[in-house]
Amino acid sequence: MLACGLVSRAWAMTRPACVPVLHAGWGIVMVVTLVALLPLLPGPLARIATGGGASRLVMLFHPDPLALSALLLVALVGLYSGLAGALACSAAAFAVAGGPVVSAMAGACVIVALRDGAARRGRGTGGVLGMALLSMLLSTGGGIAPAIPPGIDPIAFATAGQAGLSRGLVLPVAVLMATWPLLHLSWRPGGGRRHLSALRMADVAGFVVGCHLWLRLLACYPDIPVLSERWGYALLALAAGLFLAASLRALVARDMRRVLSGLFGGTAALPVMVTGLGLVARANDLPDMLGGVVACLMLLMAAGCIVWVALLRLVDAMEAEAGRLVLMHLGGLATLMPRLSVLLSVGLLAVGGLPPLIGFSIAWMLLRLFGGLPHGGSLAHEIPIACVMIVMGVAWGVRLLALVRLVGVALCGRPRTPRGAGACDPAWPILGRCVVGVVMACVVSVLPGAWLVVVHAGMAQVARQANGLVGMDAAALFAVPSPDGVSVLVPVHGLVLLLVVGGMVGIVWRMRGVSATRQVATWEQGAPPVPPWMPFGDPLTQVGAGVFVRLLQDMAGWPDGAAIWLRRALRAWRACGRYLVLPLRRVPNAPDRLASLALPVGVAIAMILLCWLS
């Protein structure tokens, strides 16, 4: 598959022949990984998984159960991305299932692939340095973090033969540097082209690698309670700020792909927050809460991968039919493309966290995890937690407003361009792939426990538990347990209620005898005549993309003259940055010359830091 990706880039005439080879290869990877993840299958499949050719094929990569869980999702992304993300997905497969050096090199290749056509130059330099630092920190073999050998105490294995204090200080920094470009993390609230790039399938592969790295951090972090708690609360505050910045980017973006990029940045900030909760749970010796953290992170990795793969496939089909997805050029797609609009609405509802979809289950688990945090009794300990929850609540409200803005402008209203007015649903083969993606998202929403049963061995590895895979209980497949073990969320109950209410509304609507009609041009009460290519009315009378941003400013009491002072402050900040780099501008091509020195200088600094800490 790697050879097909390279050959298709070099010779364009080989691309039609490489596409079925890539699809078949990723399908084989998915099947083999599922066989390896389910060793309790009866009959011939169990013999294949334990001693057959599939087992030898899987062991070429030397993966552990945690790597197999991420490899299954990477294969799904590769199956949907085709030639566009073939190289990035191949590198992501090596990054989650290779040895320490191979994983770091492959992760650096994923970052380089994500930098292709990026909004800002030098965006992935810190990530490459973080991968190099991880390869030096975790070079004990067997993946980015080694698997626990049988018969050895997990806690003793995590701390024996390693400089626990130096690892505890440097490891979160290295993982944060490595996952910053993988997860689209950014402090910039702007949504323009120079602030963030359009979302692609390769970014979803980077999301899986980033979640895998945070799971590895939980698996191999040394048991230093004070340091673990400090890092946990720091990651909570950092993730809350990143989530708010990503929600603001989604609200002010001007095209659909960058709106989705902002929403994706909010989803990608959640693994950082969940990892912080896991470090706090490990520091305070809360095994039940740690198990809930690992389950939430596993569910977030699977849900984020499946939902965003489906959304990107839908956006690709919509762009092929309606042209450029600029919000001021879109409108009325719910009438023109009803099937595709329904599928897109389901995916956006899953991202927004509305029941009974998977986003609501993850939000419910996050609230339960926050409720399970230790309460020290002092006000100074409770105020930061309350501030983090307030920031998350505000950010989630802004995120929902961005979703309403996207649906209200793009799907509702009337078309604004002739290309948009001529859009229609795509052909059935393309629509069928979109339906399969949305159906997988709905299956994960209804059966969240099934994924947790599949990846139970990897969860036990992260939580440092010696128990094996539990039996497949039929009731556990539909339920999401809370970390405290008090309550259980069953999403299928909400789905049944929604279907019953929807069926009753449909029956009443049918009894009334009202049928949906297409909007036509009517008399405008003396207004100028509508152009012949615009049969749906004047687009200037419709709701624009800026109305929702103005609504948020009015709710916050934003004065009219405050934007001027904010622009002046930003200009002064940029001018100071230009003056600081003024001596470098005298040298021609200074950024290009310094870029080649960034990696060796960073590796040298990291080695000096490690020697000093050890």
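I'd like to check something: does region 367-376 contain any residue that is open to solvent by 60 Å² or more (accessible area, probe 1.4 Å) and in a loop (DSSP other than H, G, I, E, B)? Can you show your working first?
Initial filter on region 367-376 (open to solvent by 60 Å² or more (accessible area, probe 1.4 Å)): 367-368, 375-376.
Okay, now just the ones that are also in a loop (DSSP other than H, G, I, E, B), so 375-376.
Yes, the conditions are met somewhere in region 367-376.
Among 213, 227, 171, which is the only one that is out of contact with any Lys or Arg (no Cβ under 6 Å at 6 or more places or on another chain), at pLDDT 85 or above and in a helix (DSSP H, G or I)? Please lay out each step first, then the result.
Values: 227 fails: at pLDDT 85 or above; 171 fails: at pLDDT 85 or above.
Result of the check over 213, 227, 171: 213.
Residue 281 passes all but one of (1) over 18 Å from the mean Cα position of the chain (by Cα); (2) over 15 Å from residue 175 (Cβ atoms); (3) of a type in the set (A, V, I, L, M); (4) surrounded by fewer than 22 Cβ atoms within 10 Å (Cβ to Cβ); which number fails?
(4)
Just one of (1) in contact (Cβ under 8 Å) with a residue 60 or more places away in the chain; (2) part of a helix (DSSP H, G or I); (3) small (Gly, Ala, Ser) trips up residue 423, so point out which.
Just one mismatch for residue 423, condition (2).
Looking at 453, 404, 444, which is the one that is free of Cβ contacts under 8 Å to residues at least 40 places away in the same chain and out of contact with any Leu (no Cβ under 6 Å at 6 or more places or on another chain)? Before the answer, list the steps.
Details: 404 fails: free of Cβ contacts under 8 Å to residues at least 40 places away in the same chain; 444 fails: free of Cβ contacts under 8 Å to residues at least 40 places away in the same chain.
Result: 453 is the single residue among 453, 404, 444 that is free of Cβ contacts under 8 Å to residues at least 40 places away in the same chain and out of contact with any Leu (no Cβ under 6 Å at 6 or more places or on another chain).
Test residue 225 against the criterion of being surrounded by fewer than 24 Cβ atoms within 10 Å (Cβ to Cβ) and farther than 22 Å from residue 481 by Cβ, and give yes or no.
On the way: surrounded by fewer than 24 Cβ atoms within 10 Å (Cβ to Cβ): yes; farther than 22 Å from residue 481 by Cβ: yes.
Spelling it out, residue 225 is indeed surrounded by fewer than 24 Cβ atoms within 10 Å (Cβ to Cβ) and farther than 22 Å from residue 481 by Cβ.
Report, by residue number, each residue of region 404-429 that is open to solvent by 60 Å² or more (accessible area, probe 1.4 Å) and within 24 Å of the chain's Cα centre (by Cα).
Hit for region 404-429 is 404, nothing else.
Does residue 392 satisfy the criteria of being open to solvent by 50 Å² or more (accessible area, probe 1.4 Å) and either part of a helix (DSSP H, G or I) or at pLDDT 80 or above (or both)?
Working: open to solvent by 50 Å² or more (accessible area, probe 1.4 Å): no; either part of a helix (DSSP H, G or I) or at pLDDT 80 or above (or both): yes.
Judged against the criteria, residue 392 is not a match.
Are any of the residues in region 322-343 surrounded by fewer than 19 Cβ atoms within 10 Å (Cβ to Cβ) and under 19 Å from the mean Cα position of the chain (by Cα)?
There is no residue in region 322-343 that is surrounded by fewer than 19 Cβ atoms within 10 Å (Cβ to Cβ) and under 19 Å from the mean Cα position of the chain (by Cα).
Of the residues 274, 259, 208, which single one is farther than 30 Å from residue 341 by Cβ, touching a helix residue (DSSP H, G or I) at 6+ places or on another chain (Cβ under 6 Å) and at pLDDT 85 or above?
Being farther than 30 Å from residue 341 by Cβ, touching a helix residue (DSSP H, G or I) at 6+ places or on another chain (Cβ under 6 Å) and at pLDDT 85 or above holds for just one of 274, 259, 208, which is 274.
If I filter region 367-389 for residues that are touching a residue at least 12 places away in the same chain (Cβ under 8 Å), under 19 Å from residue 479 (Cβ atoms) and touching a helix residue (DSSP H, G or I) at 6+ places or on another chain (Cβ under 6 Å), do I get at least one hit?
So far as region 367-389 goes, yes, one or more of its residues are touching a residue at least 12 places away in the same chain (Cβ under 8 Å), under 19 Å from residue 479 (Cβ atoms) and touching a helix residue (DSSP H, G or I) at 6+ places or on another chain (Cβ under 6 Å).
The values are calculated or read from the model by the stated rules, or taken from the named source; none is laboratory data. Just so we're clear, the structure is a prediction, and the values are computed from it rather than from any experiment. Here Cβ is always computed from backbone atoms with ideal geometry, including for glycine, and neighbour counts include all displayed protein chains. Each accessible area value is taken on the protein alone, full model and side chains, heavy atoms only, with ligands, DNA and RNA left out. Shrake-Rupley method; radii C 1.70, N 1.55, O 1.52, S 1.80 Å.
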